[in-house]
Every structure is written in structure tokens, then in C-alpha cells.
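The values are calculated or read from the model by the stated rules, or taken from the named source; none is laboratory data. Everything numeric here is computed off the predicted structure, so don't read it as measured data. We place every Cβ from the backbone using ideal geometry, glycine too, and count neighbours over all the protein chains shown. Calculation scope for accessible area: heavy atoms of the full protein, side chains included, ligands and nucleic acids excluded. Shrake-Rupley method; radii C 1.70, N 1.55, O 1.52, S 1.80 Å.
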Amino acid sequence: MRFSLQREVFLKPLAQVVNVVERRQTLPVLANLLVQVKDGQLSLTGTDLEVEMISRVNVDDAKDGETTIPARKLFEIVRALPDGSKVTVSQAAEKITVQAGRSRFTLSSLPANDFPSIDEVEATERVRVPEAALKELIERTAFAMAQQDVRYYLNGLLFDLRENSLR
């Protein structure tokens, strides 16, 4: 696997996906991002086993393949690189090399088949809600959510959908 792209182009999807990865995880592979290159497109996947986020971007000089890379380390490296740098990520066995200019970093990887995949769920209903209205609903009720309660059903919000209303 190998790909190249500008730092700014790489940083945007990387910053989005790395937020899903938890700092303290139960499985070592959950600290990693699933990185897949296929047909000139880079796919970054992060998960905490509850939420999965996938971000895609077109890449230059691509060689197809997949692996997992430590999420936070990769993000910190790319963020620290100078603006306008061309970042090249390549894989040799279980080592990932990140190069930009004279900088060179080597990271360990884990096999891509160890990365958990969340099954795709077919939507039974779709609802369109204006962003501002949904934000207001969440802000007005989020204070009542439990934080890290062992009764997991108290750690979220219930969306009650009726005829023409959402509560």
C-alpha cells in the first residue's frame, strides 16, 4: 500500500475520523485507523464499536492495499508538518513509513482483518429535520443524559417519532 497527497488535503479527513477513536480502548486495534487505498481513493475508518466514521479522499501515486495505523500518532505527525508539504505514506511488512520533505516517521501497524467492522443496517424510516431544529432539541435535553452510567440506556437520548413530530 502507498499513497501521496498534500498535508492540508490529508489533515481534513484525518481530523474528522480521529475524533471517533477513543484514547483508552479495550482492544489495541481500536486505537488505530483502518486505512484502505483502492482505485486512487483513500478511505480512513475509525470506530469505538458504537460509532463508526469513514472519510474518503482521492490520492496521487496510489498503490492499492489496506492496513491499520495508530490514529493519534498519525494525526499528530501530519498536523506538525509544515503547510504545503506532500505527505507520502507507504507500507513495508508491518511498518508504515510517513514521509514529507526531509521528515521520515516509522509507525507499527496491525493487520486490517483485525479491525472490527460494523454491519450496515438498512434504514426502516427516514426523517428530514432542519439542522437548527435538531440541534435545539438535543441542547434542550442533553443535560439530563447520564455520563458513564452502568445502566447504558441512560447514557443517551430517546428520539420519539410520531405522525408529524419528533420529540
Worksheet item: Does segment 131-146 contain any residue that is in a loop (DSSP other than H, G, I, E, B) and open to solvent by 60 Å² or more (accessible area, probe 1.4 Å)?
Response: no
Worksheet entry | Filter result for LYS95 (among the basic types (Lys, Arg) and touching an Asp or Glu at 6+ places or on another chain (Cβ under 9 Å)) | no
Item to complete: Could you pull out the residue among ARG56, ARG126 that is touching a Ser or Thr at 6+ places or on another chain (Cβ under 6 Å), open to solvent by 80 Å² or more (accessible area, probe 1.4 Å) and either not small (Gly, Ala, Ser) or not in a strand (DSSP E or B) (or both)?
Response: ARG56
Worksheet, complete the sentence: Scanning segment 1-19 residue by residue, the ones that are surrounded by fewer than 16 Cβ atoms within 10 Å (Cβ to Cβ) and not small (Gly, Ala, Ser) total 5
Worksheet, complete the sentence: For segment 133-159, pairs from a residue that is among the hydroxyl-bearing types (Ser, Thr, Tyr) to a residue that is in a loop (DSSP other than H, G, I, E, B) and open to solvent by 60 Å² or more (accessible area, probe 1.4 Å), with Cβ under 8 Å and 6 or more apart or across chains, are THR141/LEU157
Worksheet entry | Residue satisfying condition, being out of contact with any Asp or Glu (no Cβ under 6 Å at 6 or more places or on another chain), within 17 Å of ASP114 (Cα to Cα) and outside any loop (DSSP other than H, G, I, E, B), within set THR67, THR26 | THR67
Item to complete: Identify all residues within segment 20-37 that are touching a strand residue (DSSP E or B) at 6+ places or on another chain (Cβ under 8 Å) and either farther than 20 Å from ARG79 by Cα or surrounded by fewer than 17 Cβ atoms within 10 Å (Cβ to Cβ) (or both); write none if there are none.
Response: PRO28, VAL29, LEU30, GLN36, VAL37
Worksheet item: Could you list, in sequence order, the residues of segment 147-167 that are touching an Asp or Glu at 6+ places or on another chain (Cβ under 6 Å) and surrounded by 10 or more Cβ atoms within 10 Å (Cβ to Cβ)?
Response: ASN155
Worksheet item: Do you know which residues across segment 61-115 are over 21 Å from THR26 (Cβ atoms), open to solvent by 70 Å² or more (accessible area, probe 1.4 Å), more than 16 Å from the chain's Cα centre (by Cα) and free of Cβ contacts under 8 Å to residues at least 12 places away in the same chain?
Response: ALA80, ALA93, ARG102, ARG104, THR106
Worksheet item: Across segment 94-123, what is the total count of residues that are part of a loop (DSSP other than H, G, I, E, B) and either in contact with a strand residue (DSSP E or B) (Cβ under 7 Å, 6 or more places away or on another chain) or not acidic (Asp, Glu) (or both)?
Response: 11
Discussion item. Against the definition (at pLDDT 85 or above, among the hydroxyl-bearing types (Ser, Thr, Tyr) and closer than 27 Å to LEU44 by Cα), how does SER108 come out, yes or no?
Written reply: yes
